[in-house]
Each structure stands twice: as structure tokens, then as C-alpha cells.
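**Student:** Below is one structure. I have some questions about it.
The values are calculated or read from the model by the stated rules, or taken from the named source; none is laboratory data. Quantities reported herein were computed from a predicted structural model and do not represent experimental measurements. Neighbour counts run over all protein chains shown; Cβ positions are idealised from the backbone, glycine included.
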Amino acid sequence: MSYLLPHLHSGWAVDQAILAEEERLVVIRFGHDWDETCMQMDEVLASVAETIKNFAVLYLVDITEVPDFNTMYELYDPSTVMFFFRNKHIMIDLGTGNNNKINWALKDKQEFIDIVETVYRGARKGRGLVIAPKDYSTKYRY
């Protein structure tokens, strides 16, 4: 499903995507198009892209092609989804201990829409850390 979403092919393109968007949330999936976890996440992202287009924009970044952010954002997982608003990284408390990113594939479209909407509302209010609408501490094992 990754072919349905825009890809960013350089560190400069990623920076410009984050810097240029003033009103909407920038959602970036870091990973590989061929990875199974990324494929599951991309399917959800592609299916909700039209629904959330008014308040969020989605991009995909291949971490092998663009290794610039691997160390800075600790991109070691197969799939990582991060949120940015007005050139600021928005953290999200999912109950997993890692507030910087979502590093597993969500399977429910509405669940992802709820997370994006919550992050957007919190970011608009100036919050740097947003509490997720659902606690994931027991659902996924780390």
C-alpha cells in the first residue's frame, strides 16, 4: 500500500515537509516498504489518508535511503510513526514507556484516526506531550 502515499527521498525533503506545514499535523512513517510490519501500517495509513487530510498529512520515509534521522530519533524498529506540528516533534503517551513514537503496526483504522485527532488537538493547544485515547501497556508486549 506504500505506493498510495507520498515518499520523502532525502533528509532535506523531510525537513521541508515538517517546516512547510503550518496548520496540519505531519505524520511520518519511518521504515521499509518491503517490511511486513510497515505493510500493515501503510495499509491503515493509506485507508485513513482521505479521512484525515483536513488536519494531518502523511509521508513515508525509507530509513535505508534516508539514514539522517536514524540516530536522532532512535529508528531501530521495523516501523515507526512520528508526529510533528509546526516544526516541533509531538510526543504521545501510549502507556508503553516510549513517548516519542508508535513502533508497532496498528490494525484498526478508527484507532489510528483517534490517535491522530488527539495529537492534533493537543498540538494546537501548544502541548508537547499528548495522552493517547487508549492505554497500550497491556495490549503489546515489549
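**Student:** Is it fair to say Ser47 is hydroxyl-bearing (Ser, Thr, Tyr), in contact with a helix residue (DSSP H, G or I) (Cβ under 9 Å, 6 or more places away or on another chain), under 22 Å from His7 (Cβ atoms) and surrounded by fewer than 20 Cβ atoms within 10 Å (Cβ to Cβ)?
**Tutor:** So Ser47 fits the description; yes.
**Student:** Need the failing condition index for Thr80 against (1) hydroxyl-bearing (Ser, Thr, Tyr); (2) free of Cβ contacts under 8 Å to residues at least 24 places away in the same chain; (3) under 20 Å from Ala132 (Cβ atoms), just the number.
**Tutor:** Unmet for Thr80, out of (1) hydroxyl-bearing (Ser, Thr, Tyr); (2) free of Cβ contacts under 8 Å to residues at least 24 places away in the same chain; (3) under 20 Å from Ala132 (Cβ atoms): (2).
**Student:** From the list Asp114, Asp68, which one is part of a helix (DSSP H, G or I) and more than 22 Å from Asn54 (Cβ to Cβ)?
**Tutor:** From the options Asp114, Asp68, the qualifying one is Asp68.
**Student:** A further question follows. Specify which of the listed residues (Asn87, Asn70) is surrounded by fewer than 16 Cβ atoms within 10 Å (Cβ to Cβ), in contact (Cβ under 8 Å) with a residue 60 or more places away in the chain, within 22 Å of Val14 (Cα to Cα) and not hydrophobic (A, V, I, L, M, F, W, C).
**Tutor:** The conditions single out Asn87.
**Student:** Being within 19 Å of Tyr73 (Cβ to Cβ) and of a type in the set (Asp, Glu) is the filter here; which residues of segment 89-142 pass it?
**Tutor:** Asp93 - this is the single residue of segment 89-142 that is within 19 Å of Tyr73 (Cβ to Cβ) and of a type in the set (Asp, Glu).
**Student:** Out of Val14, Val66, I need the residue that is over 22 Å from Gln110 (Cβ atoms) and touching a Gly at 6+ places or on another chain (Cβ under 6 Å). Which one?
**Tutor:** Exactly one residue qualifies, and that residue is Val66.
Residues checked against (1) surrounded by 14 or more Cβ atoms within 10 Å (Cβ to Cβ); (2) among the aromatic types (Phe, Trp, Tyr); (3) more than 21 Å from Tyr120 (Cβ to Cβ):
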residue: Pro6; (1), (2), (3): no, no, no
residue: Leu25; (1), (2), (3): yes, no, no
residue: Arg29; (1), (2), (3): yes, no, no
residue: Thr37; (1), (2), (3): yes, no, yes
residue: Met41; (1), (2), (3): yes, no, no
residue: Met91; (1), (2), (3): yes, no, no
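**Student:** Answer yes if at least one residue in segment 79-93 is under 24 Å from Ser137 (Cα atoms) and at pLDDT below 90, and no otherwise.
**Tutor:** Among the residues of segment 79-93, not one is under 24 Å from Ser137 (Cα atoms) and at pLDDT below 90, which makes the answer no.
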